[in-house]
1. Per residue of A:18-30, how many C-beta atoms from partner chains lie within 10 Å of its own C-beta, taken as a mean?
2. What translational D, rounded to a whole number of µm²/s, comes out for the range B:83-212 from Stokes-Einstein when the hydrodynamic radius is the Kirkwood one over Cα pairs, at 37 °C and 0.692 mPa s?
3. P(r) tail for the range B:1-149, what percent of Cα pairs lie past 24 Å?
4. Using a 1.4 Å probe and counting only protein heavy atoms, arrange B:L131, A:L103 so the residue with the most accessible area comes first.
5. List the trypsin sites (Lys or Arg not before Pro) within the range B:148-212 that fall in a DSSP loop (any state other than H, G, I, E or B) and whose Cβ has at most 16 other Cβ atoms within 10 Å.
6. Rank these residues by their accessible area, most exposed first, probe 1.4 Å: A:S76, A:S104.
7. Run the simple label-point estimate for A:L32 and A:A2 please: 7 Å along Cα→C-beta, distance reported in nm.
8. In the range B:184-212, what residues drop by 10 Å² or more in accessible surface going from the chain by itself to the full protein assembly, probe 1.4 Å?
Amino acid sequence: MATIPAHTKVVDIDSNPLPGNSSSLAHGGEVLDDTNFASAGFHTRLSGLRDWTLQASGPYDDADTATVALSTKWLSGAVIAVEYKPDGTNGFGGNAIISDFTLSGDVDGMETFSLTAEGAGALAAVP
Amino acid sequence: MATKVGYNTVIKTSGASTGMTTEAMTGAGAGPYQLNTAAKRILDRDVLPTFEDNGTPIVGADISVIDYMTGKVTFTGSKTGPITMATGSYMPMTIVAQAHTASISHAGEVLDVTDFVLAQADAFHVRVSGLRDVTVTIGRWEDLSDTFVTIIQAGLPIVIEFRPGGSTKSFRLWAVLETEDQSGDVDGLEQDDLTFLLDGDDEILKSYSFDT
């Protein structure tokens, strides 16, 4: 059994590692119901369009290349090239659009960032 | 690694627009040139500044872009210098009193442009970026100063400067105060929660900018 400790994860934004401490990649898709009277009492379904979403969060580092790029790409509306690699090498990648990039902090905590990016096209295995 | 502790966050709001004349700027060639005096770098977006090159007025056609939020100007061609801002107005900024939480959220509409041809290529949704928006939230201890009650009742936009964790890199925007919520429980402090929404303009650098 090849389990993967999460601390080995690497999330790259435009080939630069994002200094997060939590991240997720959601693979989704539309599930289309084609049930008809002949379906023997059970729903039947087909897969429609696929979709994916990246979320990441962590301490805010204003000198970090990937973090700085998020502000620039959000402002221009350009896509970011995302690679999500649970073991640091192997994973999935594709282009995404930033739908939310938030910086926040309380007086008694760390300044943090959170990112949500929605797939702008295909998600493929990397490398 | 330059992570930031939250308590170093600096958040400011603007006061009344203030005129200025003959302000020194630093830069080279076509620019950008930036106002030397840091406290005067957020320009009133409703006042068109004028510039001089070694004492000679610079015509508007020679100006490529003005970044009103960071006090910078870029010209279409190289200038002799020194460059000065002959006339203009800036927004004086003051720290928001008694703030203890703050966030800035950059949002973007994601528009689905998937069509049959694109979908048949790889069966994935295809998207492009739509309108962008910014929200700033501030939590502060209520002090009965009515500062923000006055702002929300006036209904006019103000400038917010946000330096997360005390970073040297600021986010600056014109924003409208959408909500001010005052609340408190019997065993706590009276709280004042503010939500601001970006107020854009006909040029992005008139309403939002950040240091890189």
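The values are calculated or read from the model by the stated rules, or taken from the named source; none is laboratory data. Since this is a predicted model, take the numbers as computed values, not measurements. Cβ sites come from the backbone with ideal geometry, for glycine too, and all protein chains shown count toward neighbours. What goes into the accessible areas is simple: the full protein's heavy atoms, side chains included, and nothing from ligands, DNA or RNA. Shrake-Rupley method; radii C 1.70, N 1.55, O 1.52, S 1.80 Å.
1. Working: counts 0, 3, 0, 0, 0, 0, 0, 0, 0, 0, 1, 3, 2.
Other-chain Cβ atoms within 10 Å of each residue's Cβ, averaged: 1.
2. It comes out at roughly 186 µm²/s.
3. Numbers: 6211 of 11026 pairs.
Roughly 56 percent, rounded to a whole number.
4. Numbers: B:L131 125, A:L103 0 Å².
If we order B:L131, A:L103 from most to least accessible, we get B:L131, A:L103.
5. Values: sites: B:K169, B:R172, B:K206; in loops: B:K169.
Counting only loop positions with at most 16 other Cβ atoms within 10 Å, the trypsin sites (Lys or Arg not before Pro) in the range B:148-212 are B:K169.
6. Working: A:S76 75, A:S104 35 Å².
Greatest to least solvent exposure: A:S76, A:S104.
7. With each label placed 7 Å out from Cα toward Cβ, I get 3.5 nm.
8. B:I204, B:Y208, B:F210, B:T212
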